[in-house]
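Nothing in this text is a laboratory measurement; each read-out follows from the coordinates by a stated rule. The model shown is predicted, which means the values in this text are computed figures rather than measured ones. Positions of Cβ are generated from backbone atoms using ideal geometry, with glycine treated the same way; all protein chains shown enter the neighbour counts.
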Amino acid sequence: MSNSNVLSKRLNGKHIIFSDVQGNFNSLERFFKATQRMKKDGYICLGDIVNRGDDFDDNRCIEAVRNSESLCIKGNHEDKLLKNTEANKKITFDNYYFVRSLQDKMRFDNCVLFHSSLRNPSERLISQESQREEADYVRTTYPSVNLAFLGHSHRRGMYSHKKDSLHDGGSKPIELDRNDFYLINPGGIGLSFGLENTFAHFDFDKLKLKFFTLEEAEKMVETAEIVRRFEDWYMPALNKFSIGWFAAYVDRDFSYLYNHGNSNVLELANTLRSFNPHRYRKLNEHKKDKYIKDFSLRLAESTEKVRAVVSDFYETKSAIESREEYLALKVQQWPDSSHLQT
């Protein structure tokens, strides 16, 4: 998509919106890793990719944003880079040209993207009064627009024009009013001095907004991977020919899951631990099959509770469906592997 100043089309789908990387490549790398599998149609970067433009990490940050194919606008730090004669020593030609090609704003039919303020460039819109004045200006300048995304203030949050109120974002998803106008700031993803690193996930079709801290997103990635364990590890080993593998998985995973910090993951850990290989081996063949079916159902139900925590934002398969698929497979018999270890 072209980074032109005015675009006639609407922005649709789900986008991950971030700003103020400030040349912090470590945080940016963590951010892209944490959002790699997040449900999205693209990224939106609201500027200040670099710090001063005189560090190789600034170049690495530009490169990473370029590779993400983000919709991207220019921040005040990019303006400084373009005026910095030393930048040529640390920034590659392609990355320098990319920064030079960025626009100060991008306007779509339903939203406008900018870094600091359209009314008063470089102003940090922090107070309710300043955001009210900015909202009035944007609505007058672009009557068709009901969303404005900006950075610069280093504070995540949302201003509602209809309610004339500020919302700090919180931790829960927010459903927006289609008849209202909003200023939305995702915060900064590369902030220092103890400031919280945050970004936003926005669904342009449903007008649903969720703010994330970097640490929260990383925790959700871990949780999504726990859900995938059910299909990738647990169910394939839950049959009478490889039950030893499953017992080894339980021993390996229990402590990690137990200490994860989420109550649903704790329940899953306890469900895993309830499997009794000694009791299982004493059963006859018919009862072994029933034991596996009953246990796998409890395990699938526990996994589904974990999945509910992340399913709105990360692609995960239903554990109930995975279980049904595996139980329907015709398992080829192979020697018991209970003596093997992972």
> Going by a ≥ b ≥ c, the root eigenvalues of the Cα gyration tensor, does the range 218-328 fall in the rounded group (a/c under 1.5), the prolate group (a/b larger than b/c) or the oblate group?
Replying inline: prolate
> Taking the range 183-260, which GluC sites (Glu not before Pro) meet the DSSP loop condition and have no more than 15 other C-beta atoms within 10 Å?
Replying inline: Glu196
>> Straight-line reach from Lys39: which lysines fall under 29 Å, measuring Cα to Cα and dropping same-chain residues less than 8 apart?
In response: Lys9, Lys14, Lys74, Lys105, Lys172, Lys206, Lys208, Lys210, Lys219, Lys305, Lys317
> Using 7 Å Cα-to-Cβ label points, what is the Ser165/Val145 separation (nm, one decimal)?
Replying inline: 2.5 nm
> Can you give the angle from 0 to 90° between the axis of helix 214-229 and the longest principal axis of the chain, with both taken from C-alpha atoms, to the nearest 10?
Replying inline: 30 degrees
> Angle, helix 128-141 long axis vs. longest principal axis of the chain, Cα atoms, 0 to 90°, nearest 10?
Replying inline: 80 degrees
> How much net charge surrounds Leu207 when only the other residues with a Cβ under 11 Å from the Cβ of Leu207 are counted, with Lys and Arg +1 and Asp and Glu -1?
Replying inline: -2
> Please identify the trypsin sites (Lys or Arg not before Pro) of the range 279-327 that satisfy two criteria: DSSP loop assignment and at most 11 other Cβ atoms within 10 Å. Which are they?
Replying inline: Lys282
> Between the DSSP loop rule and a limit of at most 13 other Cβ atoms within 10 Å, which GluC sites (Glu not before Pro) in the range 286-328 are left?
Replying inline: Glu315
